[in-house]
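Heads up, the thing below is written out as structure tokens.
Just so it is clear, none of the values below were taken in a lab; they were calculated from the coordinates. Because the structure is a prediction, the values reported are computed rather than measured. With ideal geometry, Cβ positions are generated from the backbone for all residues, glycine too; neighbour counts draw on all protein chains shown.
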Amino acid sequence: MMPKEDTLDVTPVPMTPISAYRIVEVDYTTGKPKSLFHTFPLQGRRTRVFPVGEWIHAEAKPVDDGGSTKYRSGFNGLLDPAAVLEYTKRFKKKRPLQVITVTVDKNTLHRKKHSRSEVYLADWMYIPEDWNYDKDRIDDDKTCGFIP
């Protein structure tokens with residue numbers, strides 16, 4: 001499950017894959033997982049839609065969440081299922097969100113220090129092709145909230 005060099009901007013490094021949990025928004029028209037807030041570069045353009053079945057690399061750059069605290073960017077993830085449950089309580093607006101299991105590189109994983117939750121940031125992330133999207137679980141008004 002190593003990254004495919006032809007789909008990435010950088011040469012892959014030796015990885016130690018581990019599982020993590022990520023909250024994604026489900027694009028109800030395509031059934032694809034999307035980033036909740038941020039875009040990232042993919043094949044020469046910026047997008048919120050995550051590719052599945054391939055390793056993707058985060059932009060390594062200083063960012064902030066609208067405040068003065070700067071940190072190194074990466075793909076958000078949580079390592080503990082209890083932390084995921086606690087984190088999901090922060091979302092008040094109903095929209096098609098789902099907690100999925102992803103694979104990240106443990107060697108590049110770093111804690112998002114200023115976060116109130118146990119959020120980690122990874123340079124590399126892999127969403128499996130069978131990431132368990134359940135179209136029947138999304139309400140007709142597209143505001144189902146979290147899909148277990």
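Put simply, the amide H of Leu36, placed in the peptide plane, has neighbours under 5 Å in Glu25, leaving out anything fewer than 5 places away on its chain. Each residue of region 111-128 was assigned a 3J(HN,Hα) from its phi angle through the Karplus expression (A = 6.51, B = -1.76, C = 1.60, θ = phi - 60°), giving 6, 7, 4, 7, 6, 6, 10, 7, 8, 10, 10, 10, 6, 10, 9, 10, 10, x Hz with x at Gly and Pro. Remark: region 25-37, residue by residue, has Karplus-estimated 3J(HN,Hα) of 8, 8, 6, 5, 7, 10, x, 9, x, 10, 5, 5, 10 Hz, where x stands for each Gly or Pro and the curve is 6.51 cos²θ - 1.76 cosθ + 1.60 at θ = phi - 60°. Under 5 Å between amide hydrogens, built in the peptide plane, is the criterion, and for Ser73 it picks out Lys61, Val63 among residues at least 5 positions away or on other chains.
Per-peptide packing, taken as the mean over residues of other Cβ atoms within 10 Å, places 111-117, 32-38 in the sequence 32-38, 111-117 from highest down. The 3J(HN,Hα) values that the Karplus relation (6.51, -1.76, 1.60; θ = phi - 60°) gives for region 85-101 are, in residue order, 4, 5, 5, 5, 5, 6, 8, 9, 6, 6, 7, x, 10, 9, 8, 10, 8 Hz. Gly and Pro appear as x.
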